[in-house]
Structures are given as structure tokens and as C-alpha cells.
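Shown next, in C-alpha cells, is the structure this report addresses.
Derivation of every value follows stated rules applied to the coordinates shown; laboratory data play no part. Not measured: the values here are computed from a predicted model. Note that each Cβ is placed from the backbone with ideal geometry, even for glycine, and that neighbours are counted across all protein chains shown.
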Amino acid sequence: MKKFLAFFLALILLVGGLSACGHKHTPGPAATCTEPQVCTDCGEVLVEATGHVPGPAATCAEPQVCTKCGFELAPKLEHTPGAEATCTEPQLCLACGEELAPAKGHSVGADGACRTCGERIVPEGQKYIAPGRGGDLSDDISGIIAETDSGHYNNNIDAYYAGAVLVCGDYALEYFLPSESGSAAYADTVNAFAEKYPEINVTAMLVPKSCTFNFPKGYTDPYDKTKAFIDSTYNMMNSGINKADCLGVMTEHKDEYMFYRTDHHWTSLGAYYGSVAYCGANGIEPLALDTYDTVIRTDFIGTLYGYAGNPSSLLENPDYTVGHYPQTGYSMVYKTDGSWYSGKAINANSKTYAGMFICGDQPLTVFTTANKNGRTLLIFKESYGNAFVPYMLDYYEQVVVLDIRKSGYSTAAVIEQYGVTDALIINNCQAAISLQPDLYSSAMS
């Protein structure tokens, strides 16, 4: 009888949610994969731990994790390295396809072939001369003036307008006088980007155009107005933003071949001086001009010739295009219309501005270099940036380029994906005025 009463009492306590000592349980947090649910009063286990639910087995791309709580159950496996990286192909994992080492890039030798793999980079029949250190690939350049010499622009006629182009003799240009008060809209956009990403080292660079130095007689000198425009715009930018003095560096070389005569872009020499200004604003020692291997292609007739109605004075005085090869190995890919393509920073087979530098205007371009400094530079640009970008490959581990005129990429996603540490907003002054502020904002947001 006593045993029956004890059993009956225990049953009553259990049904009533009471502990063996007669108190009602106070349930703690629900049971998890690793922890049971217990009574917060007496510590009695109310529900056992549920245990992990393993997800797919670990691979070299992903660890194995619990599908319920995300806890890592097994670490990622070691990669299975494929063939060593070559000049053109990265090393990949045979199991998951992840890039383990970037393509090294070609190193052009004095014979025009790659020093590493022997592939001929320079077309047959072209000379390979050597400014500075034994490597200058070029067409027949006997009749041209060296890019660092003076005498490229000869205003021997009364300048005249042909459409929007001012023809000045053996050269033409886009003539404009920027506002000395600067552009508040442009400064606001740069400020907004820097404020949104305070962890990124941000640099702004406004680039003068040819008329700043090569204006014809009878026309107002744009230099002071251009300087005032740049200074005023920079002064409206936050103090933490680096301001590259491109105008100041170029002024020291104002008689040199910094701008095409028949095209609206700067030359690679002008872009080199821009790179010197960028380096100066960021504490980088720039490479000397005469240390680059160089390609020279002649007989280039650019955009201004067509815009001006094909004047014979320009046709009879063609330009030449110079490309300075990056000194570090690199691989380049660009994405357009949803597909990735490989490319080159300098295309020796092209004599045009659009063709020689970084495969022209692409929405997204990514360079991975042989440098190992942990720095990634994001460049926002219009076409003036194309000749500038190759110089940056020698200073960064990665260089990512977004064309501000081609929307469709999330800046935040790009910054996260490539681990961006530095950013440059580079535009020529006329573009900074003529492009709509909302275009900059949408491209950089």
C-alpha cells in the first residue's frame, strides 16, 4: 500500500510539471544542437540537446557546417594545386577551380618576345630600341619629335571653329573656360563617397585638357581659370580626401607631348605625369619615365579630325601613340554584356588611344598583379583614365576599374568582393563639368 501511494504521488507531481522535490519547473532557453533545455530553478534537464545536423561534406571551397546552427563541423580541405601559373594562365585548384596564384604576365625582352615563355609580344618587323634599360618597341619613328621634347603644337593659322572643335593649325582642341568657383556638385559626390567608406583612402584628381596649355593666339588663356576651378573644387572637398595636383606636375612639362593633336585625350606621357601627381598625394615613390619598356605606334588620326570635318591640316600631321608597359607581372580581365574576357593593359598592336590602353571603355575591369602588398585600388574614371590605369599596376596588388558612364555594378559589392583599400576618382575638368552629377552619384553609390 505504501509503494502504491508513493507511485501515485510521483505521478501527480509529474503531471503537474513539478520536480521530484515538489516545485514546478521553470524552463530555460529551448534546447539547441549542443545545449539541453534545463530548469532554471533546479537544473534538471527538461529536453536533451538535439545534436548537430551535418550539411554537405567539407570541400576545399567550403567547410562542413551544421544546417541548423551554422557551427563548423569540419574545416575546408586543402586545395589540390594545378599547374603552376604561367604568363597568361593562373594556377587553379583542380578540385574547386579557385585561383591560387595569378597569371604572371609577359615580360617583354629586347627581341620583342616574352623573356619567360618566348611568345612574341611584338609583331614581326618592328624595331626594339632601348630608352633607359634596353627595351623600346616602335614603328619607324625617324620622323617624329620625342614625346619629352617641345615643338609638337604649331599654331600657324588664325584658329577657327569647325563644329565644336577649334582648329589651330597642325593641331585641334576642345576650347573651354571653366568657372573659377568650381563645381560644388562634383565635390559633394566625392565627399559623399568618402563619408560612406571612411576606411578607404580616397584621392581625387582633376585633369586639365589641352586648351589649358595649347590655346591659340587671339583666345583667352584658360590656365588661370582652370587652376581656379580645380582649386575651388578641391577646397570644397573634405580634408581627409587626398587631392592630386595633376595641373601642377603637368605645368612643369607644358611644352611636351602631353595631348594628342588630332584627338581629345591626353597621351600616355600626360597620363604618366598624372600618375606622378597621384603618387605625390599618396606618399608613393613614382617609377622614373625612362625605366619603362615602351611601344610606339605611328600614324594615328583621332576623334577631333572627324569632329572637325576632316581638315587636311590634321590629316597631314598625324599623332603617334606611346605605351609604357607595367613593370610587374599581372593578369587582366574585364566584364561586359555579362561575360568575362582577358585583356592587356597595353596592346602593342593598336595605334589608337581607344585600342592601346586597357581594352578601351569597359564597365568593370580587374587587374591582379604579382605585388603582394595587400592594397587594392578602385578607380572611377571616364576615358581619360584609360591611359592612366597601367601605371597603377606597379603600385598595387589589385586594381579594379569602374567606368562611371556605364552603370550596373554595386560599388558596395565591388568594394567588399575585392577588399578595396584605396580609391581614386579621376576625371578631366570638362567631364567634371559636363557629366550630370547624378551620374557620378549613381556610379559611386
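Per-structure values
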quantity	calculated
Centroid-to-centroid separation of the stretch 193-228 and the stretch 318-362 [C-alpha atoms, Å]	25 Å
Acute angle (nearest 10 degrees) that the helix 2-15 long axis makes with the longest principal axis of the chain, alpha-carbon atoms	30 degrees
Of LYS225/LYS344; LYS344/LYS372; LYS227/LYS372; LYS227/LYS254, pairs whose Cα-Cα distance is over 26 Å	LYS225/LYS344; LYS227/LYS372
Förster radius 22 Å - calculated FRET efficiency between ALA146 and TYR223, Cβ distance, rounded to 0.05	0.35
Net dipole in debye of the stretch 311-398 [+1 Lys, Arg Cβ; -1 Asp, Glu Cβ; about Cα centre; nearest 20]	300 debye
From the coordinates shown, Cα Rg over 2.2 N^0.38 Å corresponds to which of [x] 1.42; [y] 1.21; [z] 1.00	[x]
Longest exposed-site-free window of the chain, the sites being trypsin sites (Lys or Arg not before Pro) in a DSSP loop that have at most 15 other C-beta atoms within 10 Å	255-371
Extended-chain gain in nm, criterion 0.36 nm per residue less alpha-carbon gap, GLU78 and HIS25	14.2 nm
Contour minus Cα-Cα distance for GLU62 and ALA95 (0.36 nm per residue)	10.7 nm
Relative contact order %, the chain, counting alpha carbon pairs below 8 Å whose residues are six or more apart	13 percent
Antiparallel DSSP beta bridges within the chain, percent to nearest 5	65 percent
Packing-based order for 151-160, 311-320, using average beta carbon neighbours within 10 Å, highest first	311-320, 151-160
At R0 = 30 Å, FRET efficiency that the Cβ-Cβ distance of LYS254 and ASP188 yields, to 0.05	0.45
Reachable lysines, given that their alpha-carbon falls under 30 Å from the alpha-carbon of LYS68 and they are not under 8 places away in the same chain	LYS76
Amide N proximity, the stretch 356-385 versus LYS196 label position 7 Å along Cα-to-Cβ, cut-off under 15 Å	378-381
